[in-house]
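To start, the structure itself, in C-alpha coordinates.
The values are calculated or read from the model by the stated rules, or taken from the named source; none is laboratory data. Everything numeric in this text was worked out from a predicted model, so none of it was measured. Cβ placement follows ideal geometry from the backbone for every residue including glycine, while neighbour counts extend to all protein chains displayed. To get the accessible areas, we keep the full protein, side chains included, count just its heavy atoms, and leave off ligands, DNA and RNA. Shrake-Rupley method; radii C 1.70, N 1.55, O 1.52, S 1.80 Å.
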Amino acid sequence: PNSIQYIALCVVFILIVIFIVTAISNGANMTDGLDGLATGTSAIIGVTLALFAYVSGNTIFAEYLNIMYIPHSGEMVVYIAAFVGACVGFLWYNSYPAQVFMGDTGSLAIGGIIAVFAIAIRKEALLPILCGVFLVENLSVMIQVSWFKYTKKKHGEGRRIFLMAPLHHHYQKLGMHESKIVSRFWIVGIMLAVLTLVTLKIR
(Lines give C-alpha, C1' and ligand atoms only; values in the text may rest on other atoms or scores of the structure.)
Protein backbone atom coordinates (compact mmCIF):
# COMPACT_ATOMS: atom_id res chain seq x y z
CA PRO A 1 0.00 0.00 0.00
CA ASN A 2 1.09 3.60 -0.59
CA SER A 3 1.87 6.00 2.22
CA ILE A 4 -1.68 7.42 2.43
CA GLN A 5 -3.21 3.95 2.66
CA TYR A 6 -0.62 2.98 5.25
CA ILE A 7 -1.43 6.03 7.41
CA ALA A 8 -5.16 5.36 7.04
CA LEU A 9 -4.68 1.73 8.12
CA CYS A 10 -2.60 2.84 11.12
CA VAL A 11 -5.31 5.32 12.18
CA VAL A 12 -8.03 2.66 11.85
CA PHE A 13 -5.92 0.17 13.81
CA ILE A 14 -5.28 2.70 16.60
CA LEU A 15 -9.00 3.51 16.83
CA ILE A 16 -9.87 -0.20 17.00
CA VAL A 17 -7.26 -0.76 19.73
CA ILE A 18 -8.61 2.20 21.73
CA PHE A 19 -12.15 0.84 21.41
CA ILE A 20 -11.16 -2.71 22.46
CA VAL A 21 -9.05 -1.59 25.44
CA THR A 22 -11.75 0.84 26.61
CA ALA A 23 -14.54 -1.74 26.25
CA ILE A 24 -12.72 -4.57 28.05
CA SER A 25 -11.39 -2.27 30.81
CA ASN A 26 -14.84 -0.85 31.39
CA GLY A 27 -16.35 -4.36 31.34
CA ALA A 28 -13.89 -5.57 33.98
CA ASN A 29 -14.66 -2.49 36.06
CA MET A 30 -18.42 -3.13 35.83
CA THR A 31 -17.92 -6.77 36.78
CA ASP A 32 -15.99 -5.79 39.91
CA GLY A 33 -18.98 -5.51 42.20
CA LEU A 34 -19.05 -8.75 44.18
CA ASP A 35 -16.28 -10.45 46.15
CA GLY A 36 -14.10 -12.47 43.76
CA LEU A 37 -16.27 -11.95 40.67
CA ALA A 38 -13.90 -9.87 38.50
CA THR A 39 -10.76 -11.60 39.80
CA GLY A 40 -11.99 -15.15 39.19
CA THR A 41 -13.39 -14.31 35.77
CA SER A 42 -10.13 -12.59 34.78
CA ALA A 43 -8.07 -15.61 35.89
CA ILE A 44 -10.18 -17.89 33.65
CA ILE A 45 -9.69 -15.51 30.71
CA GLY A 46 -5.95 -15.33 31.46
CA VAL A 47 -5.51 -19.12 31.36
CA THR A 48 -7.30 -19.23 27.99
CA LEU A 49 -5.11 -16.46 26.56
CA ALA A 50 -2.02 -18.30 27.84
CA LEU A 51 -3.03 -21.38 25.81
CA PHE A 52 -3.59 -19.22 22.73
CA ALA A 53 -0.19 -17.57 23.16
CA TYR A 54 1.52 -20.94 23.49
CA VAL A 55 -0.02 -22.55 20.41
CA SER A 56 0.51 -19.35 18.36
CA GLY A 57 4.22 -19.44 19.16
CA ASN A 58 4.64 -23.11 18.25
CA THR A 59 5.06 -23.80 14.51
CA ILE A 60 3.67 -27.35 14.73
CA PHE A 61 0.53 -26.40 16.68
CA ALA A 62 -0.01 -23.23 14.61
CA GLU A 63 0.13 -25.19 11.36
CA TYR A 64 -2.07 -28.00 12.68
CA LEU A 65 -4.71 -25.62 14.05
CA ASN A 66 -4.45 -23.35 10.99
CA ILE A 67 -3.78 -20.19 13.01
CA MET A 68 -1.32 -17.35 12.58
CA TYR A 69 2.18 -18.26 13.71
CA ILE A 70 3.60 -15.48 15.89
CA PRO A 71 7.32 -15.98 16.59
CA HIS A 72 8.25 -15.92 20.29
CA SER A 73 4.65 -15.39 21.42
CA GLY A 74 5.14 -18.43 23.64
CA GLU A 75 7.42 -16.28 25.80
CA MET A 76 4.42 -14.11 26.67
CA VAL A 77 2.96 -17.11 28.48
CA VAL A 78 5.32 -16.24 31.35
CA TYR A 79 3.72 -12.79 31.65
CA ILE A 80 0.12 -13.98 31.46
CA ALA A 81 0.93 -16.82 33.90
CA ALA A 82 2.16 -14.16 36.35
CA PHE A 83 -1.09 -12.27 35.73
CA VAL A 84 -3.17 -15.38 36.48
CA GLY A 85 -1.02 -16.08 39.56
CA ALA A 86 -1.62 -12.54 40.82
CA CYS A 87 -5.37 -12.92 40.27
CA VAL A 88 -5.47 -16.25 42.13
CA GLY A 89 -3.31 -14.85 44.95
CA PHE A 90 -5.59 -11.84 45.27
CA LEU A 91 -8.64 -14.11 45.13
CA TRP A 92 -7.39 -15.83 48.29
CA TYR A 93 -8.17 -12.63 50.21
CA ASN A 94 -10.90 -11.31 47.94
CA SER A 95 -13.22 -14.34 48.05
CA TYR A 96 -16.39 -13.92 50.10
CA PRO A 97 -16.23 -12.29 52.60
CA ALA A 98 -13.51 -10.09 51.10
CA GLN A 99 -10.66 -8.84 53.25
CA VAL A 100 -9.09 -6.73 50.49
CA PHE A 101 -10.89 -4.73 47.81
CA MET A 102 -9.55 -4.12 44.32
CA GLY A 103 -11.15 -0.79 43.44
CA ASP A 104 -11.44 0.89 40.05
CA THR A 105 -7.67 1.16 39.58
CA GLY A 106 -7.21 -2.61 39.80
CA SER A 107 -10.21 -3.63 37.70
CA LEU A 108 -9.44 -1.14 34.92
CA ALA A 109 -5.83 -2.35 34.82
CA ILE A 110 -6.92 -5.99 34.64
CA GLY A 111 -9.23 -5.23 31.71
CA GLY A 112 -6.44 -3.32 29.97
CA ILE A 113 -3.97 -6.19 30.41
CA ILE A 114 -6.44 -8.69 28.95
CA ALA A 115 -7.24 -6.46 25.97
CA VAL A 116 -3.62 -5.63 25.12
CA PHE A 117 -2.51 -9.25 25.49
CA ALA A 118 -5.29 -10.45 23.18
CA ILE A 119 -4.29 -7.83 20.59
CA ALA A 120 -0.60 -8.83 20.89
CA ILE A 121 -1.39 -12.47 20.04
CA ARG A 122 -3.92 -11.46 17.33
CA LYS A 123 -6.93 -12.94 19.11
CA GLU A 124 -8.90 -9.73 19.67
CA ALA A 125 -11.77 -10.99 17.49
CA LEU A 126 -12.44 -13.71 20.08
CA LEU A 127 -12.80 -11.26 22.97
CA PRO A 128 -16.61 -10.88 22.64
CA ILE A 129 -16.90 -14.62 23.36
CA LEU A 130 -14.03 -15.02 25.82
CA CYS A 131 -14.96 -11.88 27.76
CA GLY A 132 -18.68 -12.55 27.43
CA VAL A 133 -19.24 -11.91 31.15
CA PHE A 134 -17.65 -8.46 30.82
CA LEU A 135 -19.69 -7.80 27.68
CA VAL A 136 -23.01 -8.71 29.32
CA GLU A 137 -22.21 -6.61 32.38
CA ASN A 138 -21.42 -3.65 30.12
CA LEU A 139 -24.57 -4.13 28.04
CA SER A 140 -26.78 -4.42 31.14
CA VAL A 141 -25.63 -0.97 32.29
CA MET A 142 -26.02 0.55 28.82
CA ILE A 143 -29.52 -0.92 28.39
CA GLN A 144 -30.59 0.16 31.89
CA VAL A 145 -29.38 3.74 31.50
CA SER A 146 -30.73 4.12 27.95
CA TRP A 147 -34.16 2.72 28.83
CA PHE A 148 -34.36 4.87 31.99
CA LYS A 149 -33.56 8.05 30.04
CA TYR A 150 -35.95 7.13 27.20
CA THR A 151 -38.89 6.38 29.51
CA LYS A 152 -38.22 9.46 31.61
CA LYS A 153 -38.32 11.61 28.48
CA LYS A 154 -41.45 9.90 27.12
CA HIS A 155 -43.47 9.26 30.28
CA GLY A 156 -41.95 11.75 32.70
CA GLU A 157 -40.83 8.91 34.93
CA GLY A 158 -37.78 6.70 34.46
CA ARG A 159 -38.40 2.95 34.28
CA ARG A 160 -35.94 0.11 34.72
CA ILE A 161 -35.49 -3.21 32.93
CA PHE A 162 -33.26 -4.70 35.64
CA LEU A 163 -33.84 -4.27 39.36
CA MET A 164 -30.31 -2.88 39.50
CA ALA A 165 -27.37 -2.68 37.11
CA PRO A 166 -24.81 -4.12 36.46
CA LEU A 167 -26.42 -7.53 36.02
CA HIS A 168 -24.91 -9.21 39.09
CA HIS A 169 -26.69 -6.69 41.33
CA HIS A 170 -29.99 -7.62 39.64
CA TYR A 171 -29.59 -11.18 40.92
CA GLN A 172 -28.69 -9.82 44.35
CA LYS A 173 -31.96 -7.90 44.42
CA LEU A 174 -33.76 -11.14 43.54
CA GLY A 175 -32.45 -12.56 46.81
CA MET A 176 -29.67 -14.75 45.45
CA HIS A 177 -26.64 -15.09 47.72
CA GLU A 178 -23.46 -13.33 46.65
CA SER A 179 -21.37 -16.52 46.60
CA LYS A 180 -23.91 -18.30 44.39
CA ILE A 181 -23.94 -15.44 41.88
CA VAL A 182 -20.12 -15.40 41.72
CA SER A 183 -19.91 -19.20 41.33
CA ARG A 184 -22.44 -19.20 38.51
CA PHE A 185 -20.71 -16.34 36.71
CA TRP A 186 -17.44 -18.30 36.98
CA ILE A 187 -19.18 -21.35 35.46
CA VAL A 188 -20.43 -19.19 32.58
CA GLY A 189 -16.89 -17.80 32.20
CA ILE A 190 -15.43 -21.33 32.01
CA MET A 191 -18.04 -22.35 29.41
CA LEU A 192 -17.21 -19.28 27.32
CA ALA A 193 -13.48 -20.06 27.63
CA VAL A 194 -14.07 -23.62 26.41
CA LEU A 195 -16.21 -22.30 23.55
CA THR A 196 -13.39 -19.91 22.61
CA LEU A 197 -10.86 -22.74 22.59
CA VAL A 198 -13.19 -24.87 20.46
CA THR A 199 -13.03 -22.21 17.74
CA LEU A 200 -9.41 -23.28 17.17
CA LYS A 201 -10.51 -26.62 15.78
CA ILE A 202 -13.59 -25.25 14.03
CA ARG A 203 -11.33 -23.05 11.94
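The convex hull drawn around the Cα atoms of the range 145-203, when projected onto a plane and averaged over every direction, covers 5.9 nm².
Solvent exposure of the range 1-124, expressed per residue, is 54 Å² of accessible area, with all protein chains present and a 1.4 angstrom probe.
Placing unit charges on the Cβ atoms of the charged side chains and taking the dipole of the range 65-192 about its Cα centre, the candidate lying farthest along the positive direction among Ser107, Phe134, His168 is His168. The relative contact order of the range 132-203, computed from alpha carbon pairs under 8 Å that lie at least 6 residues apart in sequence, is 28 percent. Scaled against the 2.2 N^0.38 Å expected of a compact globular protein of N residues, the Cα radius of gyration of the range 34-129 reads 1.17. You can think of it this way: the chain between Val88 and Arg160 has 22.4 nm of extra reach, that is 0.36 nm per residue less the Cα-Cα gap.
For the range 15-65, what D do you get in µm² per second when you plug the Kirkwood radius from alpha-carbon pairs into Stokes-Einstein at 10 °C and 1.306 mPa s? D, rounded to a whole number, is 123 µm²/s.
Relative to the 2.2 N^0.38 Å rule of thumb, the chain has a C-alpha radius of gyration ratio of 1.14.
Once the C-beta distance of Met142 and Met191 is scaled by a Förster radius of 22 Å, the resulting FRET efficiency is 0.40 to the nearest 0.05.
Pop the C-beta distance of Val12 and Thr151 into the FRET formula with R0 = 41 Å and round what comes out to the nearest 0.05.
0.65
Available extension along the chain between Glu75 and Gln5 is 21.9 nm, counting 0.36 nm per residue and deducting the alpha carbon span.
Please work out the C-alpha center-to-center distance from the range 40-57 to the range 132-203 and express it in whole Å. Taking the Cα centre of each part, the range 40-57 and the range 132-203 sit 23 Å apart. Applying 1/(1 + (r/R0)^6) with R0 = 45 Å to the Cβ-Cβ distance of Leu174 and Leu65 gives a FRET efficiency near 0.60.
Report the local net charge at Leu37: Lys and Arg +1, Asp and Glu -1, summed over other residues whose C-beta lies under 13 Å from its C-beta. Combined, the nearby Lys, Arg, Asp and Glu give -2.
Summing +1 for each Lys or Arg and -1 for each Asp or Glu among the other residues whose beta-carbon sits under 15 angstrom from that of Lys153 gives +4. For the range 1-87, taking the reciprocal of the average inverse distance between every pair of different Cα atoms yields a Kirkwood hydrodynamic radius of 15.3 Å. Taking the protein heavy atoms of the chain in the context of the full set of protein chains, the accessible area attributed to carbon and sulfur is 70 percent at 1.4 Å.
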